[in-house]
1. Is it the case, given these coordinates, that Ala56 is within 16 Å of ligand 1 (Cβ to nearest atom), of a type in the set (A, V, I, L, M) and out of contact with any Phe, Trp or Tyr (no Cβ under 8 Å at 6 or more places or on another chain)?
2. Might you let me know whether segment 296-315 holds any residue that is within 19 Å of Ser249 (Cα to Cα) and either at pLDDT below 90 or in a helix (DSSP H, G or I) (or both)?
3. Considering every residue within segment 92-104, establish whether at least one is more than 15 Å from ligand 1 (Cβ to nearest atom), surrounded by fewer than 23 Cβ atoms within 10 Å (Cβ to Cβ) and assigned to a loop (DSSP other than H, G, I, E, B).
4. Kindly indicate the residue of segment 319-347 that is part of a helix (DSSP H, G or I) and more than 15 Å from Ala253 (Cα to Cα) and also farthest from ligand 1 (Cβ to nearest atom) among those meeting that condition.
5. Identify, from the list Ala231, Ala262, Ala258, Ala214, the residue that is at pLDDT below 90 and in contact with a helix residue (DSSP H, G or I) (Cβ under 8 Å, 6 or more places away or on another chain).
6. Please give the number of the condition Val369 fails out of (1) assigned to a helix (DSSP H, G or I); (2) at pLDDT 80 or above; (3) in contact with a strand residue (DSSP E or B) (Cβ under 9 Å, 6 or more places away or on another chain); (4) aliphatic (A, V, I, L, M).
7. How about segment 31-50: which of its residues are away from ligand 2 (no atom under 13 Å from the Cβ) and under 23 Å from Pro156 (Cα atoms)?
8. Which of the helices (runs of 4 or more DSSP H) contained wholly in segment 3-64 include at least 3 residues that are over 19 Å from Ser240 (Cβ atoms)?
Amino acid sequence: VSALSRRLAAQRVVICAGAGGVGKTTVSAAVALGLAAEGRRVALVTIDPARRLAEALGLGRLDNDPRPVNRAPIATAGLAVKGELWAMMLDAQRTFDELIARLTPDPWTREEILHNRVYQHLTGAVTGSHEYAAIAKLFELARRPDFDVLVLDTPPSRNALDFLHAPERLGGLLEGRALRVLLAPTGYGARAAGLVVAALRRITGAGLLEDLAAFLGLFGGILDGLRTRSADVKRLLSESSTGFLIVTSPEPAPVQEAIFLARELDRAGLHRCGTIVNRAHPGAAHAAVLEVVARLEPALGRELAAKVAEAHEEVQRLAERDAVALERLELALSDELPICLADRARDLHDVADLVELQREVFGDGLADVSRVAARQS
Ligand SMILES: Nc1ncnc2c1ncn2[C@@H]1O[C@H](COP(=O)(O)OP(=O)(O)OP(=O)(O)O)[C@@H](O)[C@H]1O
Ligand SMILES: [Mg+2]
């Protein structure tokens, strides 16, 4: 059993978090696949996956609910799935609409809210609302008996921590303090409402104030429900069966963000279940490669051999950079060893790619190779 399998064995919720573009969506799919292969019933919630990855997972339809992933291509790629793999693509607006529908028993009020322009713009445009939608969906799925484990991808945000604070931020927003300022837009609170105002400026035409007043009136009725929900979500996030899997690339900025995120999770008393360094460059034994290049020279000619040597130098430089970042990460996360995944030098998007990545994730990755590079530099 791999180190990651052991750490994920007791998890009911795995949240993949990290800087933008590091591979959260790809890694979360590989993790979900691996857990399903081990025999668990897994629901993967992805956010805005690349089109080809979505197709590979059969996520063509936007129905905001998990669907079974076709097993045939997975089996063809050589992986037996003992459990079940379900996947969905999160639709933030629909998740909000569902939440409103659940919290509003009266169908007239529900329709009024859903058709209110202020509501529609707020949920679409305000920072944190996608993060909140992801958590709301997670909460809903966690209450269903159909799945043993939920793997959640997180949205690209400027700051990985946005995700953690989303419930509070959105809670504050929906309580309408900022909105009320809009109705009397002078004085102290007006500046604080800047973000909301910016979102609402996009509503053109007459009747904004009427819509706003209607929204506040309608929404007042479900605030208690939202507050309770927010508290429930916080509880779910802090349960020991909920774990955060930190994903990063070996570049300095994402590594810095990963270290920061780990500290923030620790401080908040939330559980970390692992760290993945994606797109790492394993170093090769330098001397050995130079020897091979020298031996190839007669066959390649001097010019081509020099190019090969140059390309190797470049890879070696990346490997050394990765080794330095990895060392920093290991030092900061003294309690666990990050798992390194190789840079494929091409996009990963079909089932065979995911199966391959899954093998690396659950085979403890390239950790040893990278450490070889670290020792050499
Ligand atoms: N190990 C890898 N080797 C090569 N390419 C990779 C690897 N991992 C991910 N990629 C590619 O990098 C790109 C970004 O990956 P992905 O969408 O998973 O990142 P993300 O963290 O979810 O991004 P965002 O923050 O925008 O949501 C994709 O095109 C993906 O195919
Ligand atoms: Mg993504």
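The values are calculated or read from the model by the stated rules, or taken from the named source; none is laboratory data. What you are looking at is a predicted structure, and each value in this text was computed from that prediction instead of being measured. With ideal geometry, Cβ positions are generated from the backbone for all residues, glycine too; neighbour counts draw on all protein chains shown.
1. Numbers: within 16 Å of ligand 1 (Cβ to nearest atom): yes; of a type in the set (A, V, I, L, M): yes; out of contact with any Phe, Trp or Tyr (no Cβ under 8 Å at 6 or more places or on another chain): yes.
Yes: the conditions hold for Ala56.
2. Yes: segment 296-315 contains one or more residues that are within 19 Å of Ser249 (Cα to Cα) and either at pLDDT below 90 or in a helix (DSSP H, G or I) (or both).
3. So far as segment 92-104 goes, yes, one or more of its residues are more than 15 Å from ligand 1 (Cβ to nearest atom), surrounded by fewer than 23 Cβ atoms within 10 Å (Cβ to Cβ) and assigned to a loop (DSSP other than H, G, I, E, B).
4. To start, the set of residues in segment 319-347 that are part of a helix (DSSP H, G or I) comprises 319-332.
Right, trim to more than 15 Å from Ala253 (Cα to Cα) and you get 319-320, 330-331.
Working: Ala319: 15, Glu320: 19, Glu330: 20, Leu331: 24 Å.
Filtering first and then ranking leaves Leu331.
5. Working: Ala231 fails: in contact with a helix residue (DSSP H, G or I) (Cβ under 8 Å, 6 or more places away or on another chain); Ala262 fails: at pLDDT below 90; Ala258 fails: at pLDDT below 90.
Step by step, each of Ala231, Ala262, Ala258, Ala214 is checked, and only Ala214 is at pLDDT below 90 and in contact with a helix residue (DSSP H, G or I) (Cβ under 8 Å, 6 or more places away or on another chain).
6. The single condition Val369 does not satisfy is (2).
7. Step one: of segment 31-50, the residues away from ligand 2 (no atom under 13 Å from the Cβ) are 31-43.
Answer for segment 31-50, where residues must be away from ligand 2 (no atom under 13 Å from the Cβ) and under 23 Å from Pro156 (Cα atoms): Val31, Ala32, Leu33, Val42, Ala43.
8. Because the criterion is at least 3 residues that are over 19 Å from Ser240 (Cβ atoms), the helices (runs of 4 or more DSSP H) in segment 3-64 that meet it are 24-37, 51-56.
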